[in-house]
Ligand code: AHR
């Protein structure tokens, strides 16, 4: 059936002219375009799980060491060794789940190295991320304590690549068995008599690559063997996450589940999809930004088609689909890495738009996803916080931090169907696993929208990913009428603008004008902006 937007003819220019009046003088310097959208309040998709806004932290660059963890004797203000500013900012943001210790690092990490008195912890070489000496001062106890401090649920990635089923099973017992076994008593002797009660367990990471270069059949066989010994220590049934594909690799998923043949199915299944960028973070051209933005419709298609594949093996949808690693991965200048650590990447207004495009997708796919973890929490890739190197006292909230904050009101609400009049995910062709190496010219990105509702509150998030078009959005509400509304916006007309250590608050959330009249919401979106509208509806 044709969509409501296709059926109707819109008077775009009239709408654009009247909406421009909503913006302060001087905001518009670009082409102005009228955009139409429809929110179908009664067409429910599914609950926006808070877990869609989860994070990932790896022993990589200055994410853990120098980012989250500075040590108890550091001159950097800290709470028991954890960077105070990071704790405060992350608490304010709210981190539902935190995945650790990798990433690729997980398959070369042995949990026993990171417990007990510091002086006795062995020093290893981080062979994955730079061959530096890993002193294991941040181990299981520190990770769980950090999760408790910021209110996150811990998610441990177990080692399949260089580990064993026994190692994973013992880690579970150490974490979750209350007392009386040697491992549980060892945990207590190490300062934690209460079990950690860790529910989420990843069984290997990227087993198709850094986790061992396995075939999907080998990965499934490894999964089955590891899962056999994963027990409900302390009565807590572990939620085991099997290793899924890079991007939309159907061959991997079929090989994995055909091999499992309906037995020992995982609770969760993890795919990774990065949105690669061809330019250094501060030097993006509009063309490079659009190429990166256009990977998001492919993420949307990838999640939908992986879910369809899973449904073939699991018609009752008991297996949760995880987007375990996602976000923008730019061309990182060597000088930034040398100064601040591997994969240290500045977040710009363009990155925030990328984050919002992703978070809008998760809302629209609320029935298909279980958890999504942005890569990574601090100082690595699309981080929400940046510090100036491992010793740095400064800690800034990036543009991506604010993009996540704008989506917080959606949590636990029910996502509802929306329509916009731009290109659809199918128009992007779904080329390439992992979104890497796209060549052909593509349509420019367009207005992105998602909506959710709980009782009398409805939340809409609009994204204008164009650098040269200010959008006048005329949004129709179907099934509800709005009594009042308020809006907040994240915007900078310079897509390469960022929050730096010299100017940490350049870009932040500001109040914004919105016109609300019953079943009509009108908002002006300057080029490169993300806006969240909170409506009171009946
Ligand atoms: O997030 C950085 C790396 O990207 C992770 O270690 C790995 O899982 C992925 O390839």
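The values are calculated or read from the model by the stated rules, or taken from the named source; none is laboratory data. Not measured: the values here are computed from a predicted model. Neighbour counts run over all protein chains shown; Cβ positions are idealised from the backbone, glycine included.
List of remarks:
Conditions tested, residue by residue: (1) within 27 Å of the chain's Cα centre (by Cα); (2) buried (at least 17 other Cβ atoms within 10 Å of the Cβ).
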{"position": "479", "(1), (2)": "no, no"}
{"position": "485", "(1), (2)": "no, yes"}
{"position": "489", "(1), (2)": "yes, yes"}
{"position": "492", "(1), (2)": "yes, yes"}
{"position": "504", "(1), (2)": "yes, no"}
{"position": "512", "(1), (2)": "yes, yes"}
{"position": "517", "(1), (2)": "no, no"}
{"position": "537", "(1), (2)": "no, yes"}
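- Filter result (surrounded by 17 or more Cβ atoms within 10 Å (Cβ to Cβ) and in a helix (DSSP H, G or I)) within the stretch 150-166: 150, 165
- Segments classed as strands (runs of 3 or more DSSP E), wholly inside the stretch 49-149, with at least 3 members that are buried (at least 16 other Cβ atoms within 10 Å of the Cβ) and either on the phi > 0 side of the Ramachandran plot or within 16 Å of the ligand (Cβ to nearest atom) (or both): 54-56, 97-100
- Within the stretch 261-271, considering residues that are under 20 Å from the mean Cα position of the chain (by Cα) and crowded, with 23+ Cβ neighbours inside 10 Å, the one farthest from residue 242 (Cα to Cα): 271
- Yes/no for residue 344 being in contact with a helix residue (DSSP H, G or I) (Cβ under 8 Å, 6 or more places away or on another chain) and at pLDDT 95 or above: yes
- Selection status of residue 526, buried (at least 20 other Cβ atoms within 10 Å of the Cβ) and touching a strand residue (DSSP E or B) at 6+ places or on another chain (Cβ under 7 Å): yes
- Every residue from the stretch 324-352 that is outside any loop (DSSP other than H, G, I, E, B) and in contact with a strand residue (DSSP E or B) (Cβ under 9 Å, 6 or more places away or on another chain): 324, 325, 326, 327, 328, 329, 340, 348, 349, 350, 351, 352
Listed here are the residues, each with its yes/no results for (1) buried (at least 23 other Cβ atoms within 10 Å of the Cβ); (2) within 24 Å of residue 464 (Cα to Cα); (3) under 18 Å from the mean Cα position of the chain (by Cα); (4) more than 16 Å from the ligand (Cβ to nearest atom).
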| site | (1), (2), (3), (4) |
| --- | --- |
| 313 | no, no, no, yes |
| 318 | no, no, no, yes |
| 332 | no, no, no, no |
| 341 | yes, no, no, no |
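- Among the criteria (1) part of a loop (DSSP other than H, G, I, E, B); (2) closer than 13 Å to residue 530 by Cβ, the one residue 462 does not fulfil is (1).
- Answer from 189, 222 - the residue that is out of contact with any helix residue (DSSP H, G or I) (no Cβ under 8 Å at 6 or more places or on another chain) and surrounded by 15 or more Cβ atoms within 10 Å (Cβ to Cβ): 222
- Residues in the stretch 199-222 that are more than 13 Å from the ligand (Cβ to nearest atom), touching a residue at least 60 places away in the same chain (Cβ under 8 Å) and touching a strand residue (DSSP E or B) at 6+ places or on another chain (Cβ under 7 Å): 200, 203.
- Residue-level analysis places residue 444 among those that are in a loop (DSSP other than H, G, I, E, B) and touching a helix residue (DSSP H, G or I) at 6+ places or on another chain (Cβ under 8 Å).
- Checked against (1) in contact with a helix residue (DSSP H, G or I) (Cβ under 7 Å, 6 or more places away or on another chain); (2) crowded, with 23+ Cβ neighbours inside 10 Å, residue 360 passes all but a single condition, namely (1).
- Of the set (1) more than 16 Å from the ligand (Cβ to nearest atom); (2) free of Cβ contacts under 8 Å to residues at least 60 places away in the same chain, all apply to residue 412 but (2).
- Tally, over the stretch 363-385, of residues that are within 14 Å of the ligand (Cβ to nearest atom) and surrounded by fewer than 24 Cβ atoms within 10 Å (Cβ to Cβ): 0
- Selection status of residue 276, at negative phi, surrounded by fewer than 24 Cβ atoms within 10 Å (Cβ to Cβ), touching a residue at least 12 places away in the same chain (Cβ under 8 Å) and within 16 Å of the ligand (Cβ to nearest atom): yes
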